Amino acid sequence: MPPISSLDLVASDSWRQRSELSSMADLPPDLDSAMSALDQQFWVSTAKLKDIVARFREELKEGLEKEGGNIPMNLSWVLGLSSGREKGRFLAIDLGGTNLRVCLKDGSGHGPNGKHTLTQTKYTLPATLKTSSADHLWTFITDALATFLSDHNLSDKYTTAPSHRLPLGFTFSYPATQHRIDHGILQRWTKGFDIAGVEGEDVTAQFRSHLAAKNLPVDLVCLVNDTVGAMIASAYNDPQTIAGAIFGTGCNAAYMQSLVREPASVPKLELREDEWEALDREGKQTGQETVKMAINCEYGAFDNALRVLPRTEFDDAVDRESPRPGEQAFEKMSAGLYLGEIFRLVLVGLVRRELLFTQNSKSMSKDGGELGKEAEERGLEKLKKPYTIDTGFLSAIEDDESPQFRQTRDLFNKILHLSPSDPEIEFCRRLAELIAVRGARLCACGIAAICLNEGIQQGHVAADGSVANKHPKFKRRWAEALGEILDWGDGNDGPIRLTSAEDGSGVGVAVIAAMTLERAQRGVRIGMGES
Ligand code: GLC
């Protein structure tokens, strides 16, 4: 039996001891016991983190062994890190959860001595796009691209003739099977996307046919996951980069996997003899003893079989109501898209039990039915609406230092039309903390598993995404959990650290496009197709 750590002892103790928040009001006994129960459900002890990591390591390994594992471990065909000398003019587009970004990278290098310029435009995705059709999606993207090219006087400088096109890198932050770097079959939509006619299809073929229909003078050179882009963009300025991780709407990471032939480090990678020889040549030319390939783990899908994750009834509800129940189990407990929704579901449950917002909720039905008219008039209908609360709301109330938590009161008023009492504010602050802490602690498991499997003992994890960047306490909580998992004590001084990624979506994919063209010139066309 593993030894009991001091943190586990605290875990069996009161929630108050674990909270970092200063206290404002005592909770009435029924809210206090509700909080104790929630704490039991949401707190992930050190021992549990270690169990999760053990299973995580197995799933990562299975993903490298065969196609179709639970964690896909997608091959990216990005070989090695960038030299930092890549030069030229490249277009980059990034299809994110809320925006489409188009970016032009011009010049040489991208490190401290590099001379490059970046021009970027953000186009907000219409809310309806997420559930529309393939045709709508590609039309929106190619329209934005056409606007960008014309706004920057690029349309006339290039033609559609093969050698006169502007090279384009596509950051596609969804799981895709890539037989080549310039192609990708969407395995499934994640992050609430549900666009018909794309799953199981080659997204690059669909995109190319829309580019051709519009006569756009661009050449799609590579399709890259956001995690891979973040890693490559950051590795240049920071040679200690060991992985790229996104803690945003979704959660996922990429790392560089050594390609060893015997015993096979990636058994599912089937290369011909001449391809292994080309890899050897590539290693010699680029000074790598063993060539490495970026692997996009897609570990948001970890434990879809629910063997080890400590799921609560609220996680079950998030999953049930999502467009893809049974998928992205890990992501649905830890990523930004879902944290606010989990919070909302807990509140709704307590309102139904008449434990919270009692001034507003007299007529909310206890059996979970529709809100009564009176409650609607009082504003509780806002709380009833899925995804009304985002992660920004959670971090704002957790970090509120205004007198009497004025900011929190204003937020409740503005977003939910509620006026919580002092104990209700106290309760909500602690709940926000509980959910965010669980998310950060779970997030540490993925990187711990990668590092343990790869024997990585130190380095920087280039992190991007709204949770990593906008939630001030996330990085520290993540580091503490990593320290517990790897037995370092306080992980904030540990040898594996989270750093802020360079803008992965723009620089990363443009650099990868440049690396790809340079590799083709060197004649190492593995994972590139024939032409
Ligand atoms: C989801 C996507 C994955 C992406 C991550 C972060 O998990 O499936 O491809 O990297 O979100 O954006």
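The values are calculated or read from the model by the stated rules, or taken from the named source; none is laboratory data. The structure presented is a predicted model; accordingly, all values stated were derived computationally and were not measured. A quick note on method: Cβ atoms are made from the backbone with ideal geometry, for glycine too, and the neighbour counts reach across all protein chains shown. Remember, those area values only see protein heavy atoms, side chains included, never the ligands or the DNA or RNA. Shrake-Rupley method; radii C 1.70, N 1.55, O 1.52, S 1.80 Å.
For segment 460-512, take N as its residue count and report Rg(C-alpha) divided by 2.2 N^0.38 Å.
Cα-based Rg divided by the globular estimate yields 1.29.
What number, in percent, do you get for the relative contact order of the chain if the mean sequence gap of Cα pairs under 8 Å and at least 6 apart is divided by its residue count?
It comes to 21 percent, rounded to a whole number.
In Å, the Kirkwood hydrodynamic radius of segment 113-171 over pairs of distinct alpha carbons?
For segment 113-171, inverting the mean 1/r across all distinct Cα pairs yields 13.8 Å.
Amide H neighbours of Asp464 under 5 Å, counting only residues 5+ apart in sequence or on other chains, H built in-plane at 1.01 Å?
Those qualifying (amide H under 5 Å, at least 5 residues apart or on another chain) are Ala245, Ile246, Phe247, Ala501.
With a 10 Å radius around each residue's Cβ, average the other Cβ atoms per peptide and rank 511-521, 117-127, highest first.
Top to bottom by mean Cβ count within 10 Å: 511-521, 117-127.
If DNA, RNA and ligands are ignored and the probe is 1.4 Å, what is the ranking of Glu321, Glu201 by accessible area, most exposed first?
My answer, sorted largest first, is Glu321, Glu201.
Gain in length, Ser265 to Asp399, computed as 0.36 nm per residue apart minus the alpha-carbon separation, to one decimal in nm?
Extending this stretch completely gives an extra 43.8 nm.
Out of Trp276, Gly244, Ser258, whose Cα points farthest toward the positive end of the dipole of segment 234-281 (charges: +1 Lys, Arg; -1 Asp, Glu; placed on Cβ)?
Working it through, the farthest residue towards the positive pole turns out to be Gly244.
Between Tyr174, Asn99, Thr121, whose Cα lies farthest towards the positive end of the dipole of segment 93-191 when Lys and Arg beta carbons carry +1 and Asp and Glu beta carbons carry -1, centred on the Cα centre?
Of the listed residues, the answer is Tyr174.
Calculate the all-directions average of the projected area of the chain's alpha-carbon convex hull, and give it in nm².
Averaged projected hull area, Cα only: 25.8 nm².
Relative to the present Cα-Cα distance, how much length would full extension add between Arg281 and His179 at 0.36 nm per residue of separation?
Extra length from Arg281 to His179 when fully extended: 34.6 nm.
Taking the Cα centre of the chain as the origin, how large is its charge dipole in debye, to the nearest 20, when only Lys and Arg (+1) and Asp and Glu (-1) carry charge on their Cβ atoms?
So the magnitude is around 860 debye.
Provide the FRET efficiency to the nearest 0.05 for the Gln41-Asn153 pair, computing r from the beta carbons and using R0 = 41 Å.
Rounded to the nearest 0.05, the efficiency is 0.10.
What is the extension gain from Gln17 to Asp487, computed as 0.36 nm multiplied by their sequence separation minus the C-alpha to C-alpha distance, in nm to one decimal?
Length gained between Gln17 and Asp487: 167.0 nm.
Cα atoms only: what Rg and Dmax, in Å, come out for segment 171-251?
Cα only, segment 171-251: 14.5, 44 Å (Rg, Dmax).
At R0 = 51 Å, how high is the FRET efficiency between Ser209 and Lys473 if r is their beta carbon distance? Nearest 0.05 is fine.
With a Förster radius of 51 Å, E is 0.65.
Placing +1 at every Lys and Arg Cβ and -1 at every Asp and Glu Cβ, with all other atoms neutral, what dipole size does segment 311-354 have around its Cα centre, in debye to the nearest 20?
Its charge dipole is roughly 100 debye.
Mind checking the per residue accessible area of segment 183-268 for me, 1.4 Å probe, whole number of Å²?
Result: 31 Å² of accessible area for each residue.
Could you tell me the calculated FRET efficiency between Glu67 and Lys414, based on Cβ-Cβ distance and R0 = 35 angstrom, to the nearest 0.05?
With a Förster radius of 35 Å, E is 0.15.
As a quick test, which of the pairs Lys191/Lys292; Lys414/Lys470; Lys332/Lys385; Lys157/Lys214; Lys66/Lys475; Lys48/Lys332 have an alpha carbon distance above 22 angstrom in this structure?
Going by Cα-Cα distance, Lys191/Lys292; Lys66/Lys475 fall outside the 22 Å limit.
Measuring from centroid to centroid over Cα atoms, what is the spacing of segment 315-337 and segment 213-275 in Å?
Here the two parts' Cα centres lie 25 Å apart.
For segment 405-497, divide the Cα radius of gyration by the Kirkwood radius and give the resulting Rg/Rh value with two decimals.
Reported Rg/Rh (Cα atoms, Kirkwood Rh): 1.12.
Using every alpha carbon pair in segment 59-200, what percent of pairs falls into each 5 Å bin from 0 up to the bin containing the largest distance?
Result, from short to long distances: 2, 8, 14, 18, 18, 17, 13, 8, 2, 1 percent.
Highest mean first, how do 63-69, 227-233 rank when packing is the count of other Cβ atoms within 10 Å averaged over residues?
The most tightly packed comes first, giving 227-233, 63-69.
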